[in-house]
Structures are given as C-alpha cells and as structure tokens.
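Everything below concerns the one structure shown next.
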Amino acid sequence: VPGTAFLDMAVHAADLTGYGEVAELVISDPLVLPGHGGVDVQVQVVRAGEQAEVSIHSRPGQDTDWTTHATGTLTNPTTDGSGGGTAPGAGTRPPADAVELDIDELYERLAARGFRTGPLFQSVQAAWQRDGELYVEVSLPEDVDADGHRIHPALLDGLCQLLAVDAEVEPGSALTGSTWHNVRWEDEPSPSALRMAFTGNGLSVETVSGRPVASAGSVALHAVPLQATEDLGETPPASRPRPARRTDPQWFVRDLVDKDDETRGQLLLALVREQVAQVLGHADAETVDPDKAFSELGFDSMAAVEVRNRLGRRTGLSLPSTLVFDHPTARRTAVWLDAELRPPAEDSAEALLGRMNRLEALLSNATRTFEEQAAITAGLESLVQLWRSRTAALSAQEEAAAALDDASDDELFAVLDAELSGG
C-alpha cells in the first residue's frame, strides 16, 4: 500500500473532523499486505485546541501489536496565505522548454531498482522536466473509479515515482517514506485524470480542464528498508521478511513511573542514543556522544524525521517535526522527553479530569444490580454536593477578598474594629 494512501486517509479524517488542511503528515513505514487474510487499519484523531494530531496504524490480527505508518497534524488554512502552500490552480501545464520524459523507461528503471508496481499504480501518462521542476499527467485505468477520494492514491503516487526514480539512496533502501506539508483541497472529489506541477518543492493539482483540485506546500521523500516496499501492488512471497512489529509504547512509559529522577533520565537518554545510532547505522549506541550536536553527528532532514518518528512510537507521544532542531543533542532531547512524560501533579486539574474520564469509562461499561446502581448514584450525588459546597465557599472567600481590595480606608478600619471587638 503506497504512502499516498495514508495521505488520502488523513485528508478524509480532516474532512470528517472539520479541518481544511493537513499541516503535516510524516509517512514512515509502508503497509505490506499479507499473502492471505486482511489487516485492521486504524486512524486516530486527537483534538488539541485549534488543531488535531492524526496517526494511522495497522495490525494483521486481533492479537498482534499495532504498527504506526504515519503521524501528523490537522488544522485549518490561514487566511493571510502564510500557510506556505502552493495555490491550487497555480499552473500545471509544462513550459515550452520543458523536456518530455520516456514513461516506459520510467517503470523499467523503477523495476530495476526493486520497486515494481501493479497496473493500477502505473498512472503516469506523460511527464516533463525543467530545472528540477516536474509536470505530470496521470490517469486511472478505465475500470477503476475515483469516487470516494479527494485524490486517488494511485494518481498522486505517480508524482512520488518520478521523484524517486533518480534519487540516490543507500543500498537496501527505497524512497517510499514521505513528508507532506500544508496539503489543501477543494470540495469537489477528484476525477480519474489529473495534471500536476511540482515546482520549488510545492505541488499544484488540477483537472485536465484546469479546475483546481489540491495543493501542497512541500513534498519530500525519505528512505525506508527495501524489503518492506518491493512488489507494490503484487502479493509478496511468503518467504519475504516482514517489517518488525512495533512494541506497545505504553510499556516504556509504565516502566518510568516508579523510577527516581536519575534513573528516568538514564533510561530516556539510553533510548534517544539507541534510536540515533540505529538511524545513523551505528552498531552501538555508546558511539553516540550525548552532548554532541546532531548536525555534527551527520544528521540531515531525513534522519531528523526518522529519529522523531522512532521516539514517538517508543514513547507514545505526538512529537513536533522540529524536535531534534529545538533540542539538538541526545541529552537535551532526553530532558525534554522526560518533562513531557511526567504525570501531572496528583491535585492538578489535569489529573482530576483524567480520573473523571476513567470513571466515566467505568460507568459506561458497568452492568449493576438495582441496589448497586442506587448506591453508586448516591455516592456520585454526594460528591457533586461536596464539590458545589467547596466551590461556593471558595467563591465566597474570593468575593470577600475582592471586596476588601476595593474597600476604602474607613471601610477597612470598620471591618477590623468589628473583628477585634467580636462583632
């Protein structure tokens, strides 16, 4: 399943939750379909003020761990144009001096690099190139319907194929991971044929008649292991190694709860150094200097995204895309993670609301006798009465304090005299 399918899912999630832009989507692990049976796919959206965090996961069965394929942020477009997106309909026809590419050769070269597509995903009909710009015409087979998609993944994947065919990657990897920013779309669904222009890392998408369809502020590919991406659109042989399933992140968080500050810091620093070492291809995490800047260790933007994704999967946190730039050493990243993972104070509003949410879940799933329901109802009513009495008392104290703050000197002296005289 190509990464563009996850972008399609994120756009649908944004539509359903009332957002108009995928501000960022980092697609890390491809989804390789098994030779038989199906997979469960889960799209999670967690609102956070004016934006929401989105993540996409899959698992091959009920008793297996979830694999995280993509994480990102949903928001609404800015009205001042500062979102960074290429305006839909910015012009997708190739300039007169653009050089036309040989499409048959494109798919031959992709196959030679170990990336073979089925007929559905051979959507590129024509393409032109000029000084790093790409102009593409894509269409679906006649028997394939684009209904239900803003942009059918097979159409958008044509652009990714063109970006990947000449890119240099390490042996054993392919450019099937990707990062998308400021993705916007029009209300009308996508037709089965489109024109696209990729200029200055921005993307503009139109119908063949010139109607704007979608845009993206930037698109960048990054490498993932080739064993997870071969034979896209075909059934992989049973002997092919499958991507490792991700460990449930909650075990790591639970393991930190009872640790003292020093041990927590050591565990988190070890985690960061381990992930950095794996991304950089080091055999031992001890080779990662905890106080050396990531840029000095050999980081580029792809490494930064991959470390951020790995740490997010291991901790269960939704991490900012600028994590390693804001906290540019392993130690500083570990310190930031520690602050994010610390539970709220027991008496904080956040902690109390969390317990109320858990209580709500328990009550919604509870099956009780009539007598037990009556006892639980009486207990809840008692808690509500206690809370109202408490808040009323606090409100009275605050009103009294405010009255004293506004009182004149004569009024203050009168109050003090009454208190001292016992009146």
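Using per-residue counts of other Cβ atoms within 10 Å, averaged over each peptide, order 150-161, 203-214 from highest down.
Going by the mean number of other Cβ atoms within 10 Å, highest first, we get 150-161, 203-214.
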query = Label Asp300 and Arg211 with points 7 Å out from Cα along Cα→Cβ: what is the distance between them in nm?
reply = 4.0
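For the range 1-62, just run the numbers: alpha carbon Rg, then divide by 2.2 N^0.38 Å, N being how many residues it has.
Working: Rg = 12.8 Å, N = 62, 2.2 N^0.38 = 10.6 Å.
Working it through for the range 1-62, the quotient is 1.21.
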ask   = Which of the peptides 265-273, 177-185 is most tightly packed, and how do the rest follow, judged by the mean count of other Cβ atoms within 10 Å per residue?
value = 177-185, 265-273
ask   = At a Förster radius of 56 Å, what calculated FRET efficiency corresponds to the Cβ-Cβ distance of His282 and Gln125, to the nearest 0.05?
value = 0.80
note = Of all C-alpha pairs within the range 267-317, those more than 16 angstrom apart amount in percent to 33
ask   = In whole Å, what is the distance between the alpha-carbon centres of the range 1-64 and the range 106-158?
value = 21
key: Computed lengthening from Asp147 to Leu16, 0.36 nm per intervening residue step minus Cα-Cα distance   = 45.5 nm
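Give me the number: length gained by fully extending Leu341 to Asp291, i.e. 0.36 nm times residue separation minus the C-alpha to C-alpha distance, one decimal in nm. Can you show the working numbers first?
Numbers: separation 50, 0.36 × 50 = 18.00 nm, distance 2.13 nm.
Full extension from Leu341 to Asp291 adds 15.9 nm.
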query = Say each of Ala96 and Gln44 gets a label point 7 Å from the Cα, pointing the same way as Cα to Cβ; how far apart are those two points in nm?
reply = 5.6
query = For the range 371-381, in order, what is each residue's ³J(HN,Hα) by Karplus, 6.51 cos²θ - 1.76 cosθ + 1.60 with θ = phi - 60°, in whole Hz (x at glycine and Pro)?
reply = 5, 5, 4, 5, 5, 5, 4, 5, x, 5, 5
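Tally Lys and Arg at +1 and Asp and Glu at -1 over the other residues with C-beta under 13 Å from the C-beta of Glu186: what net charge comes out?
Working: positive: Arg150, Arg184, Arg211; negative: Asp15, Glu21, Asp187, Glu188, Glu206.
The answer is -2.
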message = What are the ³J(HN,Hα) couplings of the range 204-215, residue after residue, when phi is run through the Karplus curve with 6.51, -1.76, 1.60 and θ = phi - 60°? Round to Hz, x for glycine and proline.
response = 10, 10, 9, 6, 5, 8, x, 6, x, 10, 6, 7
inquiry  = What distance in nm lies between label points placed 7 Å from Cα along the C-beta direction at Phe325 and Ala270?
reply    = 3.2
request  = Arrange Thr333, Thr92 by Cβ neighbour counts within 10 Å, fewest through most, would you?
outcome  = Thr92, Thr333
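Mean separation of Cα pairs under 8 Å and 6+ residues apart, divided by the residue count of the range 286-346: what relative contact order is that in percent?
Values: 35 pairs, mean separation 24.7, N = 61.
40 percent.
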ask   = R0 = 56 Å: FRET efficiency of Arg59 with Thr391, Cβ-based, nearest 0.05?
value = 0.80
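Quick note: the coordinates plus some simple rules give every number you see, no bench work behind them. Since the structure is predicted, the reported quantities are computational estimates derived from the model, not experimental observations. All Cβ positions, glycine included, derive from the backbone under ideal geometry; neighbour counts span all protein chains shown.
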